[in-house]
Every structure is written in structure tokens, then in C-alpha cells.
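The values are calculated or read from the model by the stated rules, or taken from the named source; none is laboratory data. Keep in mind that what you see is a predicted model, and the values were worked out from it rather than measured. Positions of Cβ are backbone-derived with ideal geometry, glycine not excepted, and every protein chain shown enters the neighbour counts.
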Amino acid sequence: MKKIGLISAVVMAVILCACNQNTPKANLKNNIDSLSYAIGMSQTQGLKQYLSIRMGVDTTEIEAFLKGFYESATSSKDAKRKAYLAGLQIGQQVSEGMVQNINQMLFGEDSTQTINEKNVYAGFMAGVAEATQIMTVEQANQFVQDKMEVVREEVREKSYGANRKAGEEFIAGIAKKDGVKELGDGVYYEVLTEGNGEIPADTTKVKLHYEGKLIDGTVFDTDLEGEPHVMFANQVIPGFKLALTNMPVGSKWIVYIPQEQGYGSNDMGKIKPYSALIFTIELLGIEK
């Protein structure tokens, strides 16, 4: 007991020196007091790293964090304070979560563009306060459904419209090339090997090799040297499916797919919006 008392006295002295007016003063009179203090301290292991990496907190501002922590932890019996701190938490989630997610959805990797954050906050606050002068929550939901894709297409067209033009010019040139045939829907193909096997239906499971390239020659996917893919013919982009459902087993084709029969306005990493695609497809067999 004397040893615990001595440790407690030393800890108390350190605490009294280290704490400021924003933090509570520990009072270690017995084992429960000391255990309580130790439990609190034990929970801080790795906290600074978590704050820095996961929450983006500047850990040189730790006093501000401690102030906020204590106000939040002790506000459960104060309804107004509890509501205020909940607002701080939700505000952070909206600004650092929802806004970033919407920006990613609309603008992709283009960090120079952003939605109007002040209007997001104004709309959020109006919805919570049930202020419906501009629109109701139901009208807002409908507007988002109606306009999200419209705005997304406008943004992608502005950023990647050149891809569309380049793809159209490329496909138009391919259409004039000797030996190239049209499948329909703007998809063209060139026969490297003509098979004489069964032609898959769109619900057929097929085994194949393929390589995908952009019109500048960049390879974005290939398995020509590896294990073949096994998939259903309807599990691919429309232009690829059109080719598969017209190829006899044993065939090897080069297929030229316009963007609207590919990934369209979707950003697929190496495949940017409105990209025309070139696939070399070798149909090996049908899986029963």
C-alpha cells in the first residue's frame, strides 16, 4: 500500500504539472482510482498514429484534441452540448466523407474540380431544420436521381471529350481497312483464324484467351500467355459479347469496339471515359 501511495504521489505531481485548464485532474486515493487512471491511459496506445493517419489530425495540435475529447466525453447529461458535439461529428463526416465521395464520383481523379461545398452544407442544414422554401427532401432526392448522371456526363465530356473524337476517327478508319467486317452497333472485326466450331449464345460459358488495348497501343489486360479465362458470354461489355456470340469456336479475331459499346463514360483506371477499345480474342471452347 505504501508503494502504491508513493507512485500515486509521483504521478499526481506529474499530472498537476502537465495538465492545463482543459483537462481533468487525477486524484489517485485508492486502487480503484489508480486502476481507472491506468485504464484510461492504456487506451491511448497508438492513438496519435491513428489520429494522424486515419483522421488527418495534426498531432502538434494535441491540446485542441484533448479539449474536444473532454467536452464530448462529459457532455452526455447536457442535451444542448451533446447536440452541438454531435453536429461537429456529423459535420466532419459530411465534409471529409460524403463530399469527397461525391467529388470522386463526379470528377474522378481530377482534383481541380469540386462540388459547391457551401451549397451542400446549406442543403443539409435546411433538410435537418425542415426548411422547404427551395425544395422538400423528397424533391431533393428526385433531383439527385434525375441530375446526377446528367452532371456526371457533362463533366466527363468536358474532361475526356477528346477521347470520344479520337475513338470515332479511329473506328471510321478501321471500317475502311481491307479485310475488316462489321458486326453491327459500330463494332468491327478482323479474322486472324477462322474456326468451324459451335457459336456461343449469350448465356453460354466459354473458354478464351484475350488481350485488350487502347487505340494508342496501351495494353490494359492480357492473358494470351497465361491460363485462359472461363466466363459467361454475357458477363462482358456489349461489344465483346457481340463478338463472342458471332465467333465459331476455334476462331481468333481482332475486334474494334467503339466507346458506347465499351465502358462509355465510366473511368476504369487505364481505360479513361469514351475510350474505343481493341481486343484480340481467341475462342478456345464452350464449357458444358
(request) Could you look through the range 93-123, keep only residues that are among the acidic types (Asp, Glu) and in a helix (DSSP H, G or I), and pick out the one that is farthest from residue 141 (Cα to Cα)? (result) 96
(message) Return the pair list, or none, for Cβ contacts closer than 8 Å from residues in the range 45-68 that are outside any helix (DSSP H, G or I) to residues that are surrounded by 10 or more Cβ atoms within 10 Å (Cβ to Cβ) and among the small types (Gly, Ala, Ser), at least 6 apart or on different chains.
(response) 58/52
(request) Please find, within the range 199-233, the residue that is farthest from residue 167 (Cα to Cα) out of those that are surrounded by fewer than 16 Cβ atoms within 10 Å (Cβ to Cβ) and polar (S, T, N, Q). (result) 203
(request) Considering only the range 70-81, state which residues are in a helix (DSSP H, G or I) and surrounded by fewer than 13 Cβ atoms within 10 Å (Cβ to Cβ). (result) 73, 79, 80
(request) Enumerate the pairs (first residue in the range 188-211 and over 12 Å from residue 251 (Cα atoms) and among the small types (Gly, Ala, Ser); second residue anywhere and at pLDDT 95 or above and assigned to a loop (DSSP other than H, G, I, E, B)) with beta-carbon separation below 7 Å, excluding pairs fewer than 6 apart on the same chain, so at least 6 apart or on different chains. (result) 201/245
(request) State yes or no: is residue 181 part of a loop (DSSP other than H, G, I, E, B), of a type outside the set (Phe, Trp, Tyr) and touching an Asp or Glu at 6+ places or on another chain (Cβ under 8 Å)? (result) no
(message) As an exercise: evaluate residue 225 against (1) at pLDDT 95 or above; (2) in a loop (DSSP other than H, G, I, E, B) and give the number of the one condition it does not meet.
(response) (1)
(request) Test each condition in (1) of a type outside the set (Val, Ile, Thr); (2) within 30 Å of the chain's Cα centre (by Cα); (3) surrounded by 13 or more Cβ atoms within 10 Å (Cβ to Cβ) for residue 101 and report the one that comes out false. (result) (3)
(request) Spot the failing condition for residue 132; the list is (1) assigned to a helix (DSSP H, G or I); (2) over 21 Å from residue 241 (Cα atoms); (3) not aromatic (Phe, Trp, Tyr), and only one is missed. (result) (1)
(message) Looking at 170, 107, can you tell me which residue is of a type in the set (A, V, I, L, M, F, W, C), over 30 Å from residue 282 (Cα atoms) and either outside the structural domain of residue 262 (by TED's automatic domain parsing) or modelled with pLDDT of 90 or more (or both)?
(response) 107
